[in-house]
Each structure stands twice: as structure tokens, then as C-alpha cells.
Amino acid sequence: MVTMTSVGLDVHARSTRATSIDMVTGEVSRARLGGEAVEVVAFLAGLPGPVRACYEAGPTGFGLARAARAAGIELEVIAPSKTPRKPGERIKTDRRDADHLVRQLIAGALTPIRVPSADEEAARDVLRDREQVRADLMRARHRLSKFLLRNGRVWPAEKTAWTLQHRAWLARQPFTGDLQLVVTDLIAVVDGLSDRRTRLDHALEQIARREAYWPVVSRLRAFRGVDTITALGLQLEIGDWTRFRRPKDVGAYLGLVPGLDQSGESSSSGAITKTGSRYARRLLVEAAWHNHQFPRVGRPLHRRQDGIAEPIRQISWACQRRLHHISQRFAERGVNGNKANIARARELACFLWAAAVWEP
């Protein structure tokens, strides 16, 4: 279908600037709109069709894209980090941004991103809420432990902290006056965040078993270091695994590949690119730490693999052997452990791709 009108949108919470170009006459039109999706969709519907429009991903989310597509309008969401920019350009306005987007759209220089469904985005919000609670809980525990340390209360090093036994020990610590008020408040914060995390974990367990997610999540859980929440997190952050043509594309998408600076005869690799979802990258890195030890199928992994197809089990076992081989090879070379783990995470992403796209 030939596009009659191309549109670039600079979308904000309360306003939207639009620049449209008639592909037949070359006429350029500009409009200032409100922030409501209904108004923007009505504007796009009033242009000579077919219309092809775009806007950069940002805090306004995907509601506008879904509303436009429901109205039969092609509206793409663009990855802002991959939008071409002039290095020497120092003037930035909403009108200039909209003009730039529509020109790059016509030139085919923009990189669209996948727009999740409303249900998928809601599940992702639950997942990210849980991640924020996890981070808050870690900070709250640090504040409490440092308060106790300043007052000479130290939990024995040979015992595990933040267990039921540790919680009972906290309750028995005697303080007087203002210090009792402080410790009571710090403990209450930790308890409250722990309860919130537990509730969110239960909710995510239920979400993971939905028909839309469970076929892939169940296969990802068959890997060492990947439990239900990790598998669901990867599935929600990556979405459609089949859009990657090669396994190594997943690692590149999540920023686990080293940067490259090449000019003429010289070439040097740098730190990993850290593109894509920071949360998905952290999940992979944490899962990779479980695979530096000798390959084995422990009791928890055996339970998760119950009912899983034999080809997936074979992929999981091959993954363990491969990651352990990487650990040994890097250890022999004296490579830093963190750098070796990034290599394991990159390989783990490839094996997870193989399991996710597998068809019975």
C-alpha cells in the first residue's frame, strides 16, 4: 500500500506537535494538538490516507499507538536511542523534533520497537513494581543493619541474615528512649516491604501460568538459575522471541555484546553496550552466576523440568555444559569473574532463545 501522508509526532503529556508531509505534492503542514490520544487519532484520521506516522517511545507509553492501530492507522513507536541526530545541532524544539522525525521516517532511517498489548503491559507493570519493591527492601535492610552496627549489635557471621531466626533476634534487641522509636520504625519498614514482595511474588506466579505466557515460561524455567519470576520477566521484556533471526541477536538486543571501535587497520573492543532492557539484562546476569559451577540437575531444577519435553531438557543440559566450559576457559586465562559472567549471560541468552522458539 502506497503511503499518501507521512507524519512525525512529538508527544508530551499535555501537548503534541505534528508535522505531516503529503507524499504526492510535497506540501508540509504543522499542527499543535493536545495530549489526549483521541484528539491525535482524530487528526491523523482526517489526513489523506493511507497515513503512516511515528513518535518516539517515552513516558507517555503505548496508549496512543494502540488507539491509532485500532482506528486502522499505521503508527509506529520509534527507539529514541537509534534516531539519527546531527552531532553539531544545538537547538531543540518540539517543532524541530517533529520535522526531524517525519524526514527520517520517509528516509527509512528509524528503528521501530514492538508495541505490547494492554494485558502484556499491565503484567510488565506488576513485574516492575516487584523490582522496585525488591530494591526498596534491600535499601531498608541496609539502613537497619547499619543502624544496629553503629549501636554495637552484630549478627553472627556464620549465620544467614534475614531469616525467621534473624527476625526474632531483631525483636529481642533492647533499646531505650529515642533509639527504640528508630529501630521499631526501621523494622516496620522492612516487614512491610517483605509482605509486599511476597504478595507480588504470588501474583506473578499466577500471571506466569496464563495461557499467553506459560508455554514459553515453562520452557525457560527448565534452565539452571531461571525460576518462574525470572522466566516471566524475560518473556515480558523480550516479548516475541521469533523476531530474532539468530540466537546471538538476543544478546545484542539486551546489550550484552562488547562495543567496537574500528577505524582503518585498528580495532578495539570496549565495555558491553548495555542497550535494551536493563531489567532483563540483570535477570540474565544473575541467572548466569548459577551456571559457573559443575553441571548438575539438582532437586529444584528437576521439579521445574517435570513434564517438559525431552528436547528442551537436552538444550538445558547443553547450556550447563557450555557455560561451565566458558567458566573453566576464562579461569585458566585469569579473566575477571564479572567479565566471565557476562560471557556466560550472553551464551545463556542464546540457549534460552532456542528453547523459546522451539516447536513440538
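The values are calculated or read from the model by the stated rules, or taken from the named source; none is laboratory data. Given the structure is predicted, the values throughout are model-derived calculations rather than measurements. With ideal geometry, Cβ positions are generated from the backbone for all residues, glycine too; neighbour counts draw on all protein chains shown. With ligands, DNA and RNA removed, areas are computed over all heavy atoms of the protein, side chains included. Shrake-Rupley method; radii C 1.70, N 1.55, O 1.52, S 1.80 Å.
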So which residues in the stretch 111-120 are surrounded by fewer than 16 Cβ atoms within 10 Å (Cβ to Cβ) and either of a type in the set (Asp, Glu) or touching a strand residue (DSSP E or B) at 6+ places or on another chain (Cβ under 9 Å) (or both), if there are any at all?
111, 112, 114, 119
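Is it fair to say residue 234 is open to solvent by less than 70 Å² (accessible area, probe 1.4 Å), farther than 29 Å from residue 294 by Cα and touching a residue at least 60 places away in the same chain (Cβ under 8 Å)? Break it down stepwise before answering.
Values: open to solvent by less than 70 Å² (accessible area, probe 1.4 Å): yes; farther than 29 Å from residue 294 by Cα: no; touching a residue at least 60 places away in the same chain (Cβ under 8 Å): yes.
For residue 234, the condition - open to solvent by less than 70 Å² (accessible area, probe 1.4 Å), farther than 29 Å from residue 294 by Cα and touching a residue at least 60 places away in the same chain (Cβ under 8 Å) - is not met.
To keep it simple, each residue is scored yes or no on (1) over 21 Å from residue 286 (Cα atoms); (2) part of a helix (DSSP H, G or I); (3) out of contact with any Pro (no Cβ under 6 Å at 6 or more places or on another chain); (4) among the polar types (S, T, N, Q).
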| position | (1), (2), (3), (4) |
| --- | --- |
| 130 | no, yes, yes, no |
| 158 | yes, no, yes, no |
| 162 | no, no, yes, no |
| 176 | yes, no, yes, yes |
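Taking strands (runs of 3 or more DSSP E) that fall entirely within the stretch 1-110, which contain at least 3 residues that are touching a Phe, Trp or Tyr at 6+ places or on another chain (Cβ under 8 Å) and surrounded by fewer than 19 Cβ atoms within 10 Å (Cβ to Cβ)?
It comes to none.
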Scanning for something in contact (Cβ under 8 Å) with a residue 12 or more places away in the chain and polar (S, T, N, Q), does the stretch 284-296 turn up at least one residue?
yes
Among all residue pairs at least 6 apart or on different chains, which show Cβ distances below 9 Å where the first residue, located in the stretch 217-230, is touching a residue at least 60 places away in the same chain (Cβ under 8 Å) and the second is part of a loop (DSSP other than H, G, I, E, B) and of a type in the set (Asp, Glu)?
221/227
Members of the stretch 155-176 that are more than 36 Å from the chain's Cα centre (by Cα) and either among the hydroxyl-bearing types (Ser, Thr, Tyr) or open to solvent by 60 Å² or more (accessible area, probe 1.4 Å) (or both)
171, 172, 174, 176
Can you tell me which residue among 342, 308, 312 is out of contact with any strand residue (DSSP E or B) (no Cβ under 8 Å at 6 or more places or on another chain) and assigned to a helix (DSSP H, G or I)?
312
Would you check which residues across the stretch 199-216 are without any contact (Cβ under 8 Å) to a residue 60 or more places away in the chain and either open to solvent by less than 90 Å² (accessible area, probe 1.4 Å) or in contact with a Ser or Thr (Cβ under 8 Å, 6 or more places away or on another chain) (or both) and list them?
205, 208, 214, 215
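So, of the residues in the stretch 224-256 that are among the hydrophobic types (A, V, I, L, M, F, W, C) and assigned to a loop (DSSP other than H, G, I, E, B), which turns out to be nearest to the chain's Cα centre (by Cα)? Step through it out loud before you land on a result.
Step one: list which residues in the stretch 224-256 are among the hydrophobic types (A, V, I, L, M, F, W, C), which gives 226, 229, 231-232, 234, 236, 238, 241, 244, 250, 252, 254, 256.
Filter once more, keeping what is assigned to a loop (DSSP other than H, G, I, E, B): 226, 244, 254, 256.
On the way: 226: 15, 244: 16, 254: 8, 256: 13 Å.
Among them, the one singled out is 254.
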Which pairs have Cβ atoms under 8 Å, sit 6 or more apart or on different chains, and link a residue in the stretch 312-340 that is open to solvent by 90 Å² or more (accessible area, probe 1.4 Å) to one that is not in a helix (DSSP H, G or I)?
317/295; 317/297; 321/295
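Yes or no, residue by residue, for (1) out of contact with any Pro (no Cβ under 8 Å at 6 or more places or on another chain); (2) in contact (Cβ under 8 Å) with a residue 40 or more places away in the chain:
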| residue | (1), (2) |
| --- | --- |
| 8 | yes, yes |
| 13 | no, yes |
| 22 | no, no |
| 48 | yes, yes |
| 58 | no, yes |
| 66 | yes, yes |
| 70 | yes, no |
| 86 | yes, no |
Which one of 153, 139 is charged (D, E, K, R) and more than 30 Å from residue 207 (Cα to Cα)?
153
How many residues of the stretch 177-195 are touching a residue at least 40 places away in the same chain (Cβ under 8 Å) and open to solvent by 90 Å² or more (accessible area, probe 1.4 Å)? The answer is 0
Residue list for the stretch 107-124, restricted to those being of a type in the set (D, E, K, R) and farther than 14 Å from residue 277 by Cβ:
119
Any residue in the stretch 115-144 that is touching a residue at least 40 places away in the same chain (Cβ under 8 Å) and under 20 Å from residue 190 (Cα atoms) sitting within a Cβ distance under 7 Å of a residue that is part of a loop (DSSP other than H, G, I, E, B) and of a type outside the set (Asp, Glu)? List the pairs, counting only those 6 or more apart or interchain.
141/162
